Amino acid sequence: MEDREIFKLATEAANQSYSPYSKFRVGAALLCEDGSVVTGANVENRSYGLAICAERSAIVSAIAQGKRSFRALAVSTPDAAYPVSPCGACRQFISEFVGKDFPISFGGSDGTVVHTTMGELFPHDALHELAER
Ligand code: THU
């Protein structure tokens, strides 16, 4: 599946966003190793700090479906003109399941899509050995 297609699925997923507080829709599309795509959207709460980002929503959904290996992630923020990158918490969360060369792309409504990797967004990642105990 092409980058453009995954990004389109992320943009469609943004329509499922539950964001009555920020009114900022975010969609994510996770291409799994088996070729399937799992999408996510941000889910906010009236206790503001409980908001769950689209990226974590997609990953949690995929893991709950038994998927453990991923090929790429796209994030779409149609309510921002510029490309909005995954937040710090999401970078940590995504890094639990992917390697440093994992492709991540993100874009807003201006048509610019940034193509980067987990390693660029989250350098000096550590503590993977804790998962192997
Ligand atoms: N948000 C995401 O879903 N992903 C990001 O990468 C940035 C922020 C959400 C959280 C909140 O619901 C809204 O966007 C505004 O911050």
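A few points about this structure:
- Spatially proximal aspartates and glutamates relative to Lys8 (Cα-Cα < 20 Å; intrachain offsets below 8 disregarded): Glu33, Asp34, Glu55, Asp79, Asp110
- With semi-axes defined as the square roots of five times the eigenvalues of the C-alpha gyration tensor, the equivalent ellipsoid of segment 11-72 measures 23, 12, 7 Å, largest first.
- Remark: the chain carries 56 Å² of accessible area per residue (probe radius 1.4 Å; ligands, DNA and RNA excluded).
- With every protein chain in place, the chain: carbon and sulfur % of accessible area (1.4 Å): 53 percent
- Segment 54-76-segment 103-121 distance, computed between alpha-carbon centres (Å): 16 Å
- Translational D in µm²/s for the chain (Stokes-Einstein at 4 °C, 1.567 mPa s, Kirkwood Rh from C-alpha pairs): 88 µm²/s
- Viscosity 1.567 mPa s, temperature 4 °C, Stokes-Einstein D of segment 53-106 from Kirkwood C-alpha radius, µm²/s: 110 µm²/s
The values are calculated or read from the model by the stated rules, or taken from the named source; none is laboratory data. Just so we're clear, the structure is a prediction, and the values are computed from it rather than from any experiment. Note: accessible area is taken over every heavy atom of the protein model, side chains too, but ligands, DNA and RNA are not part of it. Shrake-Rupley method; radii C 1.70, N 1.55, O 1.52, S 1.80 Å.
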